[in-house]
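Below: the structure, in structure tokens.
The values are calculated or read from the model by the stated rules, or taken from the named source; none is laboratory data. From a predicted model like this one, the values you see are computed outputs, not experimental measurements. Note: ideal-geometry Cβ built from the backbone for every residue, glycine included; neighbour counts use all protein chains shown. Just so you know, the surface numbers come from the protein's heavy atoms only, side chains and all, with ligands and any DNA or RNA stripped out. Shrake-Rupley method; radii C 1.70, N 1.55, O 1.52, S 1.80 Å.
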Amino acid sequence: QVQLVESGGGLVQAGGSLRLSCAASGVICSAYDMGWYRQAPGKQRELVAQITRGGTTNYAASVKGRFTISRDNAKNTVYLQMNSLKPEDTAVYYCNAHTFSRNYWGQGTQVTVSS
């Protein structure tokens, strides 16, 4: 059974930092393209950051230079370090693992940034 369990969300003031974790079981992170998505109220889910099986990282323009995605193969965990947070970063953040034929989601973790 595949599980992606996010943690690390919470309430933070603008300018602060949070680190999200996505602990995977039933899949090997290094064999999947792993991503962090977010969904704010009334908006569509959007890709925030991705790390491919080969280790290439991609970021949404809105977070580039502030967020960093990384992967710890030994812990089978993917992280999202979020710095210089802004109120517009407020959303539920979801971990995703996918290949051509498989697509898995975590349950999400709430991030709220106060002004």
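Here the accessible area is traced with a 1.4 Å probe on the protein chains. For the range 1-96, carbon and sulfur cover 46 percent of it. Three principal axis extents describe the C-alpha atoms of the chain; from largest down they are 39, 25, 23 Å.
Assuming charge only on the beta carbon of Lys and Arg (+1) and of Asp and Glu (-1), the dipole of the chain about its Cα centre is about 100 debye to the nearest 20.
Note that the range 92-97 has calculated 3J(HN,Hα) couplings of 8, 9, 10, 8, 9, 10 Hz, one per residue in order, obtained from phi through the Karplus relation 6.51 cos²θ - 1.76 cosθ + 1.60 (θ = phi - 60°); glycine and proline are x. Dipole of the chain computed with +1 at Lys/Arg Cβ and -1 at Asp/Glu Cβ about the Cα centre; of Trp105, Leu47, Val92, farthest Cα towards the positive end is Leu47.
Potential lengthening of the chain between Trp105 and Ala74 amounts to 9.1 nm, from the contour at 0.36 nm per residue minus the alpha-carbon distance.
In order along the range 55-61, the phi-based Karplus estimate (6.51 cos²θ - 1.76 cosθ + 1.60, θ = phi - 60°) of 3J(HN,Hα) comes to x, 6, 10, 9, 9, 5, 4 Hz; Gly and Pro are listed as x. For Lys43, the lysines whose Cα comes closer than 26 Å to its Cα, not counting residues fewer than 8 places off in the same chain, are Lys64, Lys86.
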